[in-house]
Structures are given as structure tokens and as C-alpha cells.
1. Would you check which residues across segment 264-322 are in a loop (DSSP other than H, G, I, E, B) and acidic (Asp, Glu) and list them?
2. Is one or more of the residues making up segment 281-299 among the polar types (S, T, N, Q) and modelled with pLDDT under 80?
3. When only residues in segment 247-270 that are charged (D, E, K, R) and under 19 Å from the mean Cα position of the chain (by Cα) count, which is surrounded by the most Cβ atoms within 10 Å (Cβ to Cβ)?
4. Can you name every residue in segment 222-263 that is of a type outside the set (S, T, N, Q) and in a strand (DSSP E or B)?
5. What do you reckon, is LYS75 on the phi > 0 side of the Ramachandran plot and not hydroxyl-bearing (Ser, Thr, Tyr)?
6. All but one of (1) under 17 Å from LEU159 (Cα atoms); (2) without any contact (Cβ under 8 Å) to a residue 60 or more places away in the chain; (3) not hydroxyl-bearing (Ser, Thr, Tyr) hold for PRO243; state the number of the condition that does not hold.
7. Which of the residues spanning segment 185-228 are free of Cβ contacts under 8 Å to residues at least 12 places away in the same chain and polar (S, T, N, Q)?
8. Out of (1) closer than 22 Å to ALA28 by Cα; (2) surrounded by fewer than 21 Cβ atoms within 10 Å (Cβ to Cβ); (3) charged (D, E, K, R), what's the single condition that is false for LYS153?
Amino acid sequence: MSYLFTSQRDLPEFRHLEAEPLSGALGATISGANLADDLAQDVIDEIYAALLEFKVIFFRDQEMTDEQHLRLARKFGMPQGPGSIPQVEGYPMIRLQRMDEYQTIGGDVNYHTDDIFRDYPSRMSILRGLTMPTGGGNTIWCDMEKAYASLSKPMRKFLEGLTAEQTLSKNFGPGILEGGGARAYEDMMKRNPPVVHPVVRRHPETGRKCLYVCQMTTSRILELNQDESDALLAMLLEHSYQPEHECRFFWRDNSVAIWDNRCTQHRGINDFSPAFRLMHRIPIIDDRRPSLNPDEEPRLEYDRNADFIRVEDLFVNKPELTYHVDGEEPAQGNGAAAESGNGAAQPEDEHAVEVDPGFLNKLNENRHGMVFTPGAAARLKKIPRMFRGAAISAVIAEAQKQGSAEANIAILDAVQAKRRGG
């Protein structure tokens, strides 16, 4: 007896790579390429074809340097600068994702599309897992094309005419206000004003449509009243984040994930704190805004010979960008210096500050004999928890570089100056 169906999924054929699907929705583990090598263009083309097919692809046992990571990223396009995100020293286009007892995943536990709160979100990302916890810290990706396709036809038609506001204030606002105060919140919103994108977008290369709303930053659907918007968004998000639309990746040291940011969302699983986790990520810019008609969108103009593109260039109306250290107060005014009556900058008193004694004691435990001053601890405490661990590490590294046994405000100012390029 013969049957007309098969248990095998039709997979693309590759000359250099092998692909093993991770779920029925999206994701595949790829073998056959050493990403640390200077890969030939035909191998890069196959990797990109696998990305378009599976939407997120994974590689195991890929030990590489930061320079090799950057070389790989540039094969696919222009890297994006970090903005206020912590960065690897000497590599402002490599984002530092360091988790330890001082820092948690934070807002990333919500499903999100990277940089959706900018006019030009990133096209793709290359994430390296350098040091991963045992049995935790996995990441889930969601196929937003499948989420859209599994809606009823009348609902799909209704959604295609709608637009939604994307803003960091939805989830990050309360944390910024609590940690850094109103000034830090105001600065965050000046650098990242709300933007509007379609609720449904079309992929500019595959032509497939996907839902383009997310848990972390989508605040409302503009064509509806607030109650209607809240109800519709709740339904769409619950529908999207079903297991049938997802794949889950179990990280190990030297694993690499590459995902198409135009049609997926992801979230980190915070089940490993306070264990240590270290990852480096390079986002690649997209030169077209999200749209139902991407071919009609004007291309983003930028210097193609630059090392990376600045985040403020990813807005149509470029915001005024001020440089802080991961959410801390500015270097003048209430930050590293206070204005005296005659206008001269006076140094902060390291000890004339209110500080959380528990936080200060925690900083001073097992830190290679280094002592954090109350002033430094007070400023570090203002940094949102998602960035705090990386900031503390940068301060420790700078103090060690200067041969200082004390992590003080001057050390923090030196770190801040580096972030400004000073």
C-alpha cells in the first residue's frame, strides 16, 4: 500500500551547509561552516539563504575573537552603533550583554523586535554566547509570519490598514524613573522618541507578511480608541506567542545565533540569575522602513565607508543625542560635577551622598581588593539593572588599567569619556 504523504519536510539544498530544523515553525541548526574564517561569498550567500528560509539559525562550537565576529557581521551589511547600550571596549558596534549578580535580563524577558522603537529597526543580528550558564538562560524566537498567516482572513484584512506606536516608555519607563529619576527618563525619550510602524509589514526580500506589534514597545493602535486598541493588542500578542509559533535554543559556550529581525521576535529566559552569562551581539542596519510596500520606501542614506552607523541616524527626525554612561546623570549639573555660584565646576564629594548600604557592601565583596566609594556606588545604583552589570565591569576594568585600588567618581568619569569618544 502506498501513501501520498510523507513525514519529511522539504528543505532547501545547500552545497556547503547542512541544516537541521529546530521546530516546525522556525529555526535550524547549521553545520559545515567555521564562522571565524574569512568565509567565501558563496558560503555567506548560503548562510543568508538559510536565514531567509528558517528566520533564525544556530551554530555550535564557534570560538572566535571580537575582530572575527565583526568581520563576519560586515559580510552581511553595516553594523549599528550601541547608543546607550553597553559596548565591548574598542568595538562600539559590539553590544555587551553581561549578566551577573548585579544585572538581570530586565525588559528583554518580554517578547520584542530589536530596535522597533526606531524608524529604521535593525535587519538582522549576530549573537555570540561566550560564557553561558549551565541549564538556563535559553532564548525563544517567535515566527511572526506564521502568527499572521494563522489569523482568519477577515482579521488579516482588517489589520493591514492599521498603524501602531512603538515607544520605550511602555516597559522601560518605570525602571528608568525608579533608577535614574525624571532627568534620565527625559533624556531616554529625547534620544528615543516614539515612532509609528504598520501593524502588518511585508518582508522586502521574501514578500511574506507578518504581524509587527510586540509585547515590549507597542503602546497602542492609532486608528482605534484606547479600549479597542488594548483589547486587540492583547488578542494579537496572546495569539502570536503560542508554542506552535516558536522555537527555543539551548545555549552553550561558543554558540552563535543569527536571526532575521524583520519577521521574528524573541525573549530571553531569566532562569539563571545570579549565575554569570556573557554574550556579544552585532546588529546589522536595515535601509528600508517597515512597510506593506517596502519597495516604495526611500532608502536610508548613510556613509557606506563608516565603521558603523550612529543610532540617531536611524530616525527620520534625528533626535538630539547626549551621551551618558548607561543611564547615569550627565557629566555636568547633577552628575559628575555640580555648578557653584560663580559657575565653576566643583568635584563631587565622594562621601556626601546618600547610598544604599547593602548595595555598597555588595559592590565591595570579592572585587579583587578594590573598594567602591559611596559616590561611585550611588551613581551606579541609578543605572537601570539591565545595564548595571556591564557598567560595573567597565569601572573595574578602568580602575585596574589605571592601577587604582579605588573605584571612585573619577574612574566613572573616565569610563563616560570613553563612551563619548573623549
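1. Of everything in segment 264-322, those that are in a loop (DSSP other than H, G, I, E, B) and acidic (Asp, Glu) turn out to be ASP271, ASP286, ASP287, GLU297, GLU301, ASP303, ASP307, GLU320.
2. no
3. ARG262
4. GLU246, CYS247, ARG248, PHE249, VAL256, ALA257, ILE258, TRP259, ASP260
5. The answer is no for LYS75.
6. Failed condition: (1).
7. Scanning segment 185-228 gives ASN225, GLN226.
8. (1)
The values are calculated or read from the model by the stated rules, or taken from the named source; none is laboratory data. Everything quoted here is computed from the prediction, not taken from an experiment. Every residue, glycine as well, gets a Cβ built from its backbone with ideal geometry; the counts of neighbours run over all protein chains shown.
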